[in-house]
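Please treat every number below as a calculation from the coordinates, not as lab data. Nothing here was measured: the structure is a model prediction, and the numbers come from that model. Glycine gets a Cβ as well: all are built from the backbone with ideal geometry, and neighbour counts include every protein chain shown.
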Amino acid sequence: MKKGYPNHPYRVTTDLKQLVKSASKEFGDRVYLRYKGKAPDEIIDVTYAQFDDMMDAIGTSFFAMGLGGRHIAVIGDTSPEWIATYLATVNGGGVIVPLDRELSHDEIGNFLKRAEASAVVFSPRFRELFKSLADSSDISYFIEIGNEAFDDPRFMSTATLIERGMALIEDGYSDFVDFVSDVENDAAILFTSGTTGTSKGVLLTQANIVAAINGSISMLEFSPEDVLLSVLPVHHTYEMTCGILTPLTVGATVCINDSLKYLLKNFKKFKPSVLILVPQFVTTVYKRIWDTAIKNGKDKQLKLGVSVSNLLKKARIDITKPLFAEVTSAFGGRLRKVVCGGAALSSDYVQGFNDLGINLVQGYGITECAPLISVCPFHWNKYGSVGLAIPGLEVRIDREGEEREGEIVVRGKNVMRGYYKDAELTAQVLDSDGWFKTGDVGYVDEDGFIYITGRKKNIIILDNGKNVFPEELEEYVYRSPLVAECVVVGKELEGGETVICAQIYPDFAKAEEMGIDGLENIKNTLKEYVQTLNKSLPLFKQIRSVEIRKSEFDKTTTKKIKR
């Protein structure tokens, strides 16, 4: 097996307008975006050339409306218009403000004000909200995705925006088309997860985003024949950079998943070859595979198949494709690569997917790095690692004394400019030499692979001074099939002693399947599991308390549990 960085050829992106124009020129008639229409079984394709025209039309209208170079927010479901708005804004010298569609109305209003947005583009579900905000906000234009007609001149549809832009271009108006961006200027404000008071506005330049795109395509070998299924929220920089913009470099097709409840159906409809996911989707899908096998009485057969396949792989004989065709048919039959990022993933799942012939690799990113920091190459996958740093990114470990682990600190072209209008907070994480403190704790091995062991802010400090990373213990707890969700925390007892506590939301359907009735019996079974687990752990890491939840933990839209 070839070691080191991948060496496949790829096109280097210099700026985002060049990215779209080059893709349109080279892959014009190929399908860039594919999504379901309103009619049953209707599939709509948007070619690379059509998308280029859409971006130009929206950008031209923005210039004609006096929005060139301004801050423009976008919120709602993934759509060609959402993506074109992002690129039209940035390629017109403006700053895009992608907002989480799951935010409360108060949070949306607060973020629009903090970001100083001059216009907002939104999905129809937000129509009433923005009608109520129109008279009290400083926003000049409210633009709904679709073809709705409005009486208020401040409101319009993207269909009207595109129609006007195309007419202006035909009449020779070329201010947007001819505009050349400075890639070092501000391009995006991304609000991190949290309440309006704690969220930070990450300020990225176009150069930051471009560096992450180049890092993504250099590490992950995609081709024009690849089909990606966009599952994650499009406002999230991980999805936008890796799942939406990176495919433009190779002419791949991005299919839009319209709803999580239709995810399995959409696997079969769109037949993706590549998925960009977060751990919750990976674990859910993997458990579904084995639950289905058990339900159909084929789990022993599947286990035997895995054993035989792995044995043959040692002799360089790969029979995974025909052997596990029934399993992979649930994904449409073509899935060959999965990139998982956003949070820690147990190496058991990485191994499990690879056993079935699906090459799953872990990546590591943070919004402040646009977001990509590292990823395991498909040809050299170290289980448990989040991979090699993308080319051009420096990584160091700030450790104390002879400790192997320490805070992961990075420097490179993808590192943010800072937090929007917050110099004090920026100075806490970004020094004058450009080194950014990630807040993650880990180490780098002799081959340059990064391993994350926890978050600095999550560390549990025990009375004896020992530090415990809850993420490590959570990985062990998750190995119980009865555990749907888990958070490990430090719990202070009466008298002041701090002990390790596992808060668990059980998989109630699995409990019923296993014949475990009632909350008390589920709790006792989980306590027994934890007691057995403790025997394999050092004394200071042992879990002393187990608490059972009746409801799921609150999560971000990328399915991270809010601690």
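Listing for the model above:
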{"item": "Amide H within-cut-off set for Asn257, under 5 Å, with H built and near neighbours excluded", "result": "Ser230"}
{"item": "Low-density loop positions, trypsin sites (Lys or Arg not before Pro), the range 326-430 - DSSP coil, at most 14 other Cβ in 10 Å", "result": "Arg404, Lys421"}
{"item": "Loop GluC sites (Glu not before Pro), the range 25-132 (other Cβ atoms within 10 Å of the site Cβ: 16 or fewer; DSSP)", "result": "Glu42, Glu102, Glu116"}
{"item": "3J(HN,Hα) from dihedral phi, the range 365-382, Karplus parametrisation 6.51/-1.76/1.60, rounded to Hz, x for glycine, proline", "result": "x, 8, 3, 5, 10, 6, x, 6, 10, 7, 7, 6, x, 4, 8, 8, 9, 8"}
{"item": "Hits among lysines - C-alpha to C-alpha of Lys25 under 16 Å, sequence gap 8 or more where chains match", "result": "Lys17"}
{"item": "All lysines inside 26 Å of Lys268 as judged from Cα atoms, apart from same-chain residues fewer than 8 positions distant", "result": "Lys36, Lys38, Lys287, Lys295, Lys298, Lys300, Lys303, Lys321, Lys337, Lys510, Lys559"}
{"item": "Residue order, fewest to most surrounding Cβ atoms within 10 angstrom, among Met514, Met166, Met219", "result": "Met514, Met166, Met219"}
{"item": "Vicinal HN-Hα couplings computed from phi for the range 473-487 (Karplus, 6.51 cos²θ - 1.76 cosθ + 1.60; Hz; Gly/Pro x)", "result": "5, 4, 4, 5, 5, 5, 6, 6, x, 7, 9, 8, 9, 8, 9"}
{"item": "Ascending count of other beta-carbon atoms within 10 Å, so fewest first, for Asp440, Asp355", "result": "Asp355, Asp440"}
{"item": "Simple spin-label estimate for Ala49 and Asp554 in nanometres, 7 Å along Cα-Cβ", "result": "5.0 nm"}
{"item": "Descending Cα extents along the principal axes, the range 459-548, whole Å", "result": "42, 25, 20"}
{"item": "Value of [θ]222 nm, deg cm²/dmol, for the chain, DSSP H segments ≥ 4, -39500 (n - 2.57) each, nearest 500", "result": "-9500 deg cm²/dmol"}
{"item": "R0 of 22 Å, Cβ-Cβ distance Arg11-Asp178: FRET efficiency to nearest 0.05", "result": "0.45"}
{"item": "The chain, relative contact order in percent, only Cα pairs under 8 angstrom and at least six apart counted", "result": "11 percent"}
{"item": "Mean separation of Cα contacts under 8 Å (6+ apart) over length of the range 459-548, as relative contact order %", "result": "28 percent"}
{"item": "Dipole moment magnitude, nearest 20 debye, the range 459-548 about Cα centre, only Lys, Arg, Asp, Glu C-beta charged", "result": "340 debye"}
{"item": "Neighbour cut-off at most 10 other Cβ (10 Å), DSSP loop, GluC sites (Glu not before Pro), the range 406-473", "result": "Glu446"}
{"item": "Compactness of the range 227-349 as Cα Rg over 2.2 N^0.38 Å, two decimals", "result": "1.14"}
{"item": "Fully extended contour minus Cα-Cα distance, from Lys265 to Lys457, at 0.36 nm per residue", "result": "65.2 nm"}
{"item": "Gain in span if fully extended, Lys527 to Ile317, counting 0.36 nm per residue against the direct Cα distance", "result": "71.3 nm"}
{"item": "Structure-derived Rg and Dmax of the Cα atoms in Å: which label, when the choices are (i) 24.5, 78; (ii) 32.7, 101; (iii) 24.0, 74", "result": "(i)"}
{"item": "Nonlocal amide H pairs with Thr453, under 5 Å, H built at 1.01 Å", "result": "Val441, Gly442, Tyr443"}
{"item": "Per-residue HN-Hα couplings for the range 310-322 [Karplus 6.51, -1.76, 1.60; θ = phi - 60°; Hz; x = Gly/Pro]", "result": "5, 5, 5, 4, 5, 9, 6, 10, 10, 10, 4, 4, x"}
